Amino acid sequence: MNIIHNIRDLWKCRVLIQNLVVRELKARYRGTVLGFFWSFFNPLLLMIVYTIVFGFIIGPRDPAFGNSPILYALFLFCGVLPWTWFSSSAIESANVLMIQGNLIKKVLFPAEILPIVVVTSNFIHFLFGLPILLAAKGLIVLLIPGARPFTWHVLLIPLVMIVQFVFSLGFAFLLSALTVHFRDIKDILSNLLTFWFFSTPIVYPLTFQSIQKSSFLRTFLSLNPMTHIIGGYQSSLFYGEILRWAGLGLTLLAGLVFLYFGYLIFDRLRDSFPEEV
């Protein structure tokens, strides 16, 4: 595989990628009353459910939340929003080659564009929700005593986005290529993502007492790339702390390796796509 040649070909297709992303966004919002606000409301509704269960019924148990369900809700939002970007990209990537079968049967259409469009369009959904997350943080800082204020660390969020984009794209290439040949992956994926969600510190912090006491749990969570990505958003926005560079740097390295092998497998299976879809 000539990576330089393939990257050069992808760069030539940048306008096509842009047009497909715009078409995807328009198709998603077509016929809806709230339009792009659904990018915010879907994670918001999920956050409300978890806030009621873990914030009001069970009660936040970590000192960082000060027994405040509102602070806990903000912590949840910092994790649920980027998780929605990742999980939506994974689910849509698993189906994209089969849904767009007519496109990839055309000789001149580069099939690798489709996973890129999926991850990019979900990234834009994430960007739509990000200002609302920042506004919620600002409101909570004003109204809730003890809420941590904004710090300059919020400027580091784009670095976390880059790491997540690289990792998500590698996962999307792998999923989209393999699902064409192994359709069971679509059914396994939803269960895998549920397990992955609860294996990522989104509804609980890493400082949770049971995690700190268990070396097995700490090791298990540290091996999860999404732990470091979600932790990056929580550090820069919720805690107002410097990023944990070691974990995030290793995640970026693993994401680049994952992207390489994901694309390699995609490229090897490319010729079989038109027959299988």
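Could you tell me how many of the residues in region 85-98 are open to solvent by less than 10 Å² (accessible area, probe 1.4 Å) and either among the acidic types (D, E) or farther than 17 Å from L46 by Cβ (or both)? Before the answer, list the steps.
Kept after step one, since they are open to solvent by less than 10 Å² (accessible area, probe 1.4 Å), are these residues of region 85-98: 85-86, 89-90, 93-94, 97.
Pick out the ones that are also either among the acidic types (D, E) or farther than 17 Å from L46 by Cβ (or both) and you get 93-94, 97.
The total comes to 3.
Residue-by-condition table, conditions (1) touching a Ser or Thr at 6+ places or on another chain (Cβ under 9 Å); (2) in contact (Cβ under 8 Å) with a residue 40 or more places away in the chain; (3) surrounded by fewer than 17 Cβ atoms within 10 Å (Cβ to Cβ):
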| position | (1), (2), (3) |
| --- | --- |
| F56 | no, no, yes |
| D62 | yes, yes, yes |
| N67 | no, no, yes |
| I70 | yes, yes, no |
| L76 | yes, yes, no |
| W83 | yes, yes, no |
| Q100 | no, no, no |
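Report, by residue number, each residue of region 233-252 that is without any contact (Cβ under 8 Å) to a residue 60 or more places away in the chain and either closer than 15 Å to L206 by Cα or of a type in the set (G, A, S) (or both).
Hits for region 233-252 are R244, A246, G247, G249.
Return only the number of the condition from (1) in a helix (DSSP H, G or I); (2) free of Cβ contacts under 8 Å to residues at least 60 places away in the same chain; (3) in contact with a helix residue (DSSP H, G or I) (Cβ under 7 Å, 6 or more places away or on another chain) that F109 does not satisfy.
(1)
Does region 232-277 hold any residues that are within 27 Å of G146 (Cα to Cα), part of a helix (DSSP H, G or I) and not hydrophobic (A, V, I, L, M, F, W, C), and which are they?
G232, Y233, Q234, S235, S236, Y239
List the number of the failed condition for F198; all other conditions in (1) closer than 21 Å to L71 by Cα; (2) in contact (Cβ under 8 Å) with a residue 12 or more places away in the chain; (3) within 18 Å of the chain's Cα centre (by Cα) hold.
Answer for F198: the failing condition is (2).
So which pairs qualify, if the first residue must be in region 115-131 and within 22 Å of L237 (Cβ to Cβ), the second must be among the polar types (S, T, N, Q) and surrounded by fewer than 23 Cβ atoms within 10 Å (Cβ to Cβ), the Cβ gap must be under 6 Å, and the two must be at least 6 apart or on different chains?
So the pair list comes out as N122/S88.
How many residues, within region 191-237, are at pLDDT 90 or above, open to solvent by less than 60 Å² (accessible area, probe 1.4 Å) and among the β-branched types (V, I, T)?
Looking only at that region, the number is 5.
Considering only region 113-152, state which residues are within 23 Å of F266 (Cβ to Cβ) and open to solvent by 20 Å² or more (accessible area, probe 1.4 Å).
Matches in region 113-152: I116, T120, F123, I124.
Among (1) in contact with a helix residue (DSSP H, G or I) (Cβ under 7 Å, 6 or more places away or on another chain); (2) without any contact (Cβ under 8 Å) to a residue 12 or more places away in the chain; (3) assigned to a helix (DSSP H, G or I), which single condition is L142 missing?
(1)
The values are calculated or read from the model by the stated rules, or taken from the named source; none is laboratory data. All values derive from a computational prediction rather than experimental measurement. FYI the Cβ positions are ideal-geometry reconstructions off the backbone, even for glycines, and counts take in every protein chain you see. Calculation scope for accessible area: heavy atoms of the full protein, side chains included, ligands and nucleic acids excluded. Shrake-Rupley method; radii C 1.70, N 1.55, O 1.52, S 1.80 Å.
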